[in-house]
Amino acid sequence: MAQRLIKVNLRGYQCRGIYFEDSQNLFESSEIDDSYPHQKIKPPFKIILRTTVMKRGKKVTSKKTFSFTDKGITFKRAVEKVSGLRDSFRDDLTFKRKEEVKKNVTLREAWDQYISERDANGKLSKQNIDIQKLVFDKYMEEIEHLPVSQIETEDLQQIVNSILASGKKPRTAKLIQDYLRPFFKAAKIYPNPATDIELPTFDNTVRFELSKPKAKALVQAMSSYPEPTIRGVMSFLLDGRRLGEILLMEWTSVNIPSRSYTVQSFTTKNRKTAQYQLRDDTAEVLDAIPKISKYIFPARIDTNRPMSKETFRNHWVKILQKLDINMRIHDIRHLIGGTLVNSGATLEQIAAVLGHSSTTITKRYSKVKKETAANALNQFHNAMK
């Protein structure tokens, strides 16, 4: 009897291309969704991951089977694990033959193939893709003709040194490492030549400042924006979410009755799924938004697509002009982080709010904390005089 593959579609999980192998043909339904009692699925069982990548201009489809025999693993945990392996599986398909990559492909050819794949899977914004292309084109010209397997840390270090010598900021030089390290990892070049690039230390402390009256006016303007859909985006921004995460949110990721929502791993910067509590204010806004698409915030013309960042920015600019404020959308996160530090929140609490994978990133707000401590100490000494 032929084995059946049953599509997995669980709320809160990125289930694209994931199937359960019904080896005994026990299921009548063609889909496993949240209505099915998952605890009935006991190990051993198999989950299939299917995916399609662009390779040399052609679509290549493949599948990988994951067997789960540990009695302690649940079906949902298995689905989450398979979902987390999707990116590495796609990378393996793109650079399937390690020997072929090492022997015959130049750095330029491997890079073009890599960036084309990243562009095709839609996980990075067009702006991000364009910046990566610009950095590569500008700084890799001298070595782009070399075989990718022969690129060494010394080659990249010379480029970084040249960038710094020209007067560019260390942040610019760090882009070489930020963009090339995942590239060499995807190309399976070991050891990764971008890992050991030496960069000068630089101060990346967040210094965004906004007076308390203007901050309050901004929050009030965002919370009372007349158009419900745009107000919904702004409400999530005030929760500390990134704009890219918000615009890709689907209705299946939100549970209004339980006051919770999930941000999927493929939309987050650290590629980790995260769950958050849904504030009553945000839930109220969501109730006012018509459900005309799988996306909570769909595009105006083609509702099968998410709203563009440009569309939202038009509304954002209106608020800034009205309040005479100059700031980026991303500065809302800095405003939240700085305010929380000044209010006595711990770095662990702020990391949880902003979705940081560790407090290392959150420590950029430590300068604000030092200033707060200094002010408190001055108050103590003034009181003692």
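Miscellaneous remarks
- Here Leu247 meets the list (1) farther than 28 Å from Glu209 by Cβ; (2) open to solvent by less than 30 Å² (accessible area, probe 1.4 Å) almost entirely, failing just condition (1).
- Single residue of Val317, Val285 found to be in contact with a Lys or Arg (Cβ under 6 Å, 6 or more places away or on another chain) and either of a type outside the set (D, E, K, R) or modelled with pLDDT of 90 or more (or both): Val285
- Residues that are among the aromatic types (Phe, Trp, Tyr) and at pLDDT 85 or above number at least 1 in the following helices (runs of 4 or more DSSP H) confined to segment 72-173: 75-84, 107-120, 126-139.
- Segment 219-248 residues that are of a type in the set (D, E, K, R), paired with ones that are buried (at least 19 other Cβ atoms within 10 Å of the Cβ) (beta carbon under 6 Å, 6 or more apart): Arg231/Tyr225; Arg231/Val285; Glu245/Val263; Glu245/Thr267
- For segment 156-177, the count of residues that are closer than 30 Å to Met307 by Cβ and within 18 Å of the chain's Cα centre (by Cα) is at least one.
- Taken over segment 276-301, the criterion of being closer than 20 Å to Ile332 by Cα and within 18 Å of the chain's Cα centre (by Cα) is satisfied by Tyr276, Phe297.
- When restricted to residues that are within 17 Å of Glu284 (Cβ to Cβ) and in a loop (DSSP other than H, G, I, E, B), segment 212-240 contains 6.
- Qualifying positions in segment 181-197 - assigned to a helix (DSSP H, G or I) and in contact with a helix residue (DSSP H, G or I) (Cβ under 7 Å, 6 or more places away or on another chain): Phe183, Ala186
- Residues located in segment 210-237, provided they are hydrophobic (A, V, I, L, M, F, W, C) and more than 24 Å from Ile292 (Cα to Cα): Leu210, Ala215, Ala217, Leu218, Val219, Ala221
- Selection status of Ser265, at pLDDT 90 or above and small (Gly, Ala, Ser): no
- Elements of type helices (runs of 4 or more DSSP H) contained in segment 292-363, each with 3 or more residues being aliphatic (A, V, I, L, M): 309-323, 331-342, 347-354
- Within segment 293-303, none of the residues are closer than 24 Å to Thr262 by Cα, among the acidic types (Asp, Glu) and out of contact with any Ser or Thr (no Cβ under 8 Å at 6 or more places or on another chain).
The values are calculated or read from the model by the stated rules, or taken from the named source; none is laboratory data. Keep in mind it's a predicted model, so treat the numbers as computed, not measured. Heads up, the Cβs are rebuilt from the backbone with ideal geometry, glycines too, and the neighbour counts pull from every protein chain shown. For accessibility, only protein heavy atoms count, side chains too; no ligands or nucleic acids. Shrake-Rupley method; radii C 1.70, N 1.55, O 1.52, S 1.80 Å.
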